[in-house]
Amino acid sequence: MRLASSAVIAASTFMAFGAVQAQDAQIAVAANFTAAAEELGAAFSTETGQSIAFSFGATGQFYAQITQGAPFDALLSADSATPARLVNEGIGVIGSEFTYAIGKLVLFSIEPDTVTGPQSLEGDFERLAIAEPAAAPYGAAALEVIAALGLTEVLADRLVIGQNISQAYQFVATGNAELGFVALSQIADRDDGSRWIVDEDLYAPITQDALLLSADNAAAAEFLAFLGSETGRAIIASYGYGFTE
């Protein structure tokens, strides 16, 4: 049965990615980095003439796909643990992993004055959106914050879980959840609503690492190098991300 399941996964993966084989590289990207990756991809293409195809989703889901043979050339993870785990399992180019961004968590509402700080989590609301903690580091960070504030039991029945941080954001953006823990990058270009940029001492640093998966894909390697260029870092910083140095 395990062999049959693996075959189905491999077949569906091939079908899903068959349409992008013409691209110079296929890169799996953590959902929080969607907008930044798209801008980086456009800038990279303009500078080099090479085209990058992105797939966006939860880091944990990408880990499962990559270990099942999904044809990604690189991974932009939402954590540092997943790239390290892949390398330890013999997947990816040893020594290629590096931190491309430090993520920041935000409590957000589309309604003005709804979020004023951590005390807003003790207010009168029905739903709080977070990303799936087991698959998305931003979801795990949200639970850390809730626990640090002593609100785990209080909020347990009000949590709405998105498959990834993009879905969690959609719950808030559409008003299906009054509040949500999202990535700062997702609301960097919004000046509406209300927000609290969560104190960084309430959760472990969201260290986002990249890993080259295909040693023979020059475009993927060049794109990862582009992330550390002056242009790349300026784009990343514009979405609210920090750096290790």
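Residue count for the stretch 162-199, restricted to those that are surrounded by fewer than 18 Cβ atoms within 10 Å (Cβ to Cβ), polar (S, T, N, Q) and modelled with pLDDT under 95: 1. So for the stretch 131-147 (the condition being under 21 Å from S96 (Cβ atoms), touching an Asp or Glu at 6+ places or on another chain (Cβ under 7 Å), in contact (Cβ under 8 Å) with a residue 12 or more places away in the chain and not assigned by TED's automatic domain parsing to the domain that holds L75), does at least one residue qualify? Looking through the stretch 131-147, at least one residue is under 21 Å from S96 (Cβ atoms), touching an Asp or Glu at 6+ places or on another chain (Cβ under 7 Å), in contact (Cβ under 8 Å) with a residue 12 or more places away in the chain and not assigned by TED's automatic domain parsing to the domain that holds L75.
For every residue, the table says whether it meets (1) aromatic (F, W, Y); (2) under 24 Å from R233 (Cα atoms); (3) out of contact with any helix residue (DSSP H, G or I) (no Cβ under 7 Å at 6 or more places or on another chain).
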residue	(1), (2), (3)
A140	no, no, yes
Q170	no, no, yes
I187	no, yes, yes
R190	no, yes, yes
I197	no, yes, no
A204	no, yes, no
S214	no, yes, no
N217	no, yes, yes
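Pairs linking a residue in the stretch 200-214 that is modelled with pLDDT of 95 or more to a residue that is charged (D, E, K, R) and in a loop (DSSP other than H, G, I, E, B), with Cβ atoms under 6 Å and 6 or more positions apart or on different chains, are D209/E97; L211/E97; L213/D73; S214/D73.
Taken over the stretch 97-141, residues that are surrounded by fewer than 18 Cβ atoms within 10 Å (Cβ to Cβ), over 21 Å from G175 (Cβ atoms) and of a type in the set (G, A, S) amount to 2. Count, please, the residues in the stretch 141-180 that happen to be outside any helix (DSSP H, G or I) and polar (S, T, N, Q). Result for the stretch 141-180: 4.
The values are calculated or read from the model by the stated rules, or taken from the named source; none is laboratory data. All of these numbers come straight from a predicted model, not from anything done at the bench. Methodologically, a virtual Cβ is constructed for each residue, glycine included, from the backbone with ideal geometry; neighbour enumeration extends over all protein chains shown.
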